[in-house]
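The values are calculated or read from the model by the stated rules, or taken from the named source; none is laboratory data. What you are looking at is a predicted structure, and each value in this text was computed from that prediction instead of being measured. All Cβ positions, glycine included, derive from the backbone under ideal geometry; neighbour counts span all protein chains shown. When the accessible area is computed, the model is the full protein with side chains, heavy atoms only, and any ligands, DNA or RNA have been set aside. Shrake-Rupley method; radii C 1.70, N 1.55, O 1.52, S 1.80 Å.
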Amino acid sequence: MENNKHLIALDLDGTLLNDNKEITLTTKNYLNKLEKDGNLIVICSGRAPRSIIEYYDFLNITSPIISYNGALAFDPRNDNFKTISYKIDTSFTKKLYKEVINKEVISILAEDDNHIYCDKEDDFLFAFFKKDKMAVIDKKFDKNMIKSTYIFVMKMKDESDETKNSLLNKFKEIDKENKYKLRFWRDCPYCEIHYKNVSKANTLEELRKIESIKRDNVFVFGDADNDIEMLSNYNHSYLMKNGNPKIKQYAKNVTEFDNNNDGVIKELEKYFKN
């Protein structure tokens with residue numbers, strides 16, 4: 001039987017975090033209040049778990065976490081929660097790697113539970129996929145990667161349409177079973193592979209059913225292309241004011257304030273009226 005509590009799903013970068021990568025005390029205190037009232041506060045991020053935990057601990061919440069854009073959901077405070085996990089088949093990524101490395105792509109980063117595989121150090125990516133407690137293997141991916149991975153991020157040689165189209169064509173040629181999608185990141189030369197049926201939205205829906213929460217009691221907030229499915233899937237969906245204007249069509253609402261001005265909680269305050 002469904003209950004009356006709410007599920008509030010929050011992206012991190014560009015949404016819950018301000019431009020200094022911080023969560024304000026105002027936001028923390030309000031989310032704590034909502035959780036004490038019986039609601040579920042769920043971080044939904046493309047980051048690795050170890051890059052989410054610091055914010056999760058700061059918020060002092062007790063809900064499951066959705067990481068890697070839906071590829072892994074777990075509960076740091078509940079060992080009885082059944083982990084939700086999806087990994088990308090290495091046979092596919094190794095084939096793609098051989099075709100694109102040193103052509104359209106200059107380096108990759110992938111990781112499983114214990115290893116980061118990368119061609120070279122990348123400070124930008126390591127901000128989201130921290131090296132803490134992970135073995136970093138910085139040799140040829142196709143020779144050293146054994147286990148399937150949660151992510152497979154490629155750094156392109158440039159952001160030109162020519163490079164993107166060439167990469168996409170090779171990707172489609174190798175993905176003969178049409179199992180995967182290629183997502184380009186906004187305003188930077190990176191893209192990533194994910195299963196077609198794996199997204200923040202799909203994993204969030206699994207969690208909603210586990211928690212027996214009504215669909216109309218789900219609130220989602222995001223700002224970027226990896227939030228599209230989540231923004232499309234629920235009636236209470238909010239694109240951040242600072243979010244990508246090209247995906248505005250997928251959200252039901254746009255926040256009145258941006259991520260630097262507690263945009264998330266100001267919308268929640270309107271609904272909960274406290």
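From the phi of every residue in the range 159-165, what ³J(HN,Hα) in whole Hz does the Karplus formula 6.51 cos²θ - 1.76 cosθ + 1.60 yield, where θ is phi - 60° and glycine or proline is x?
So the Karplus estimates, Gly and Pro as x, are 9, 6, 4, 4, 5, 4, 5 Hz.
With runs of 4+ DSSP H residues as the only contributors, calculate the mean residue ellipticity of the chain at 222 nm using -39,500 (n - 2.57) per run, divided by the residue total and rounded to the nearest 500.
-8500 deg cm²/dmol
Any idea of the accessible area per residue across the chain, 1.4 Å probe, to the nearest Å²?
That works out to 47 Å² per residue.
Working from the alpha-carbon coordinates of the range 47-175, get Rg over Rh, Rh being the Kirkwood radius.
A ratio of 1.01.
Carbon-plus-sulfur fraction of the accessible area of the chain, 1.4 Å probe, in percent?
That fraction is 45 percent.
Which value, in Å³ per residue, describes the convex hull spanned by the Cα atoms of the range 1-117?
Measuring per residue, one finds 149 Å³ for the Cα hull of the range 1-117.
For the chain, count the residues as N, evaluate 2.2 N^0.38 Å, and divide the Cα radius of gyration by that value, please.
1.00
Once the Cα atoms of helix 263-272 and of the chain are each reduced to a long axis, what angle between those two axes, in degrees from 0 to 90 to the nearest 10, is obtained?
Its long axis makes an angle of about 40 degrees.
Where in the range 1-83 are there GluC sites (Glu not before Pro) that are in a DSSP coil and have at most 16 other Cβ atoms within 10 angstrom of their Cβ?
GLU2, GLU22
Where in the range 153-188 are there GluC sites (Glu not before Pro) that are in a DSSP coil and have at most 13 other Cβ atoms within 10 angstrom of their Cβ?
In loop regions of the range 153-188 (DSSP not H, G, I, E or B), the sparsely surrounded GluC sites (Glu not before Pro) are GLU177.
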